[in-house]
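Shown next, in structure tokens, is the structure this report addresses.
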Amino acid sequence: MLFAYVYIFLIVMVLILSLALPLEKAKAWFNIVVAVFGIITAFSIFGMVFYLEKSTFFPEEKRYFPNDKAWYPTGDRNFSVLVLCGVIMLSIYLVPIIMRPLDFLSNLGGYIVGMFTYILLIPMFVNVFSIYSMSNLHDVSWGNRPTTSGTGTEAFSANRAT
């Protein structure tokens, strides 16, 4: 539950930073947010691997007893679709290794560093970039067209010189 509260707090923080501050002033805070998101992602993946290893494909079913407020095993074992989905989801990290095994062996260090970097920066691409770009849709000062005023907004202004 703590991860959920921290995650929501970070999302709100990114939204506020994106709306209130220019990028130069908010860069240090974004770095902190990205680092915390990376830690949450690492713990989540570790927890998924731990759960999948403990539960196997045929986990023992449990029944909840409200009087005791506890789960007790029933002794039955059935195939778990959840475990299958988790294995398929985590195996996506192995696809580059399977598709190019010789390249993987010759560049083992690069693949390992790249995989950890990818895993730790996924939340930045999903959360931070998305929120920042949606919060700054009003900024049209970028692009490759030459401008006369330097702000880039004259193309959308009703008072531009024709």
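Please treat every number below as a calculation from the coordinates, not as lab data. No experiment lies behind these values; they were computed from the predicted model shown. In this analysis, Cβ positions are derived from the backbone assuming ideal geometry, glycine residues included, and neighbour counts consider all displayed protein chains.
Just want to confirm a number: the relative contact order over region 2-133, from Cα pairs under 8 angstrom separated by 6+ residues, in percent.
Working: 85 pairs, mean separation 44.6, N = 132.
It rounds to 34 percent for region 2-133.
How much length is gained if the chain between Thr74 and Val113 is pulled fully straight, taking 0.36 nm per residue apart and subtracting their Cα-Cα distance, in nm to one decimal? The partial results should precede the final answer.
Values: separation 39, 0.36 × 39 = 14.04 nm, distance 4.37 nm.
Full extension of this stretch gives 9.7 nm more.
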Full-extension gain in nm, Leu21 to Ile98, via 0.36 nm per residue minus C-alpha separation: 23.3 nm
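Return Tyr132, Tyr51 ranked ascending by Cβ neighbour count within 10 Å, so the fewest neighbours appear first.
Values: Tyr132 18, Tyr51 13.
Result, fewest neighbours first: Tyr51, Tyr132.
Got a sec? How would Met124, Met89, Met99, Met13 order by Cβ neighbour count within 10 Å, fewest to most? Please report the intermediate quantities before stating the final value.
On the way: Met124 20, Met89 12, Met99 9, Met13 17.
Ascending Cβ contact count within 10 Å gives the list Met99, Met89, Met13, Met124.
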Quickly work out the Phe129-to-Asn67 label distance, labels modelled 7 Å from Cα along the C-beta direction, and quote it in nm with one decimal. 5.6
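At 1.567 mPa s and 4 °C, plugging the Kirkwood radius over alpha-carbon pairs of region 2-133 into Stokes-Einstein gives what diffusion coefficient in µm²/s? Don't jump to the answer; show the numbers that get you there.
On the way: Rh = 18.1 Å.
Rounded to a whole number, D works out at 72 µm²/s.
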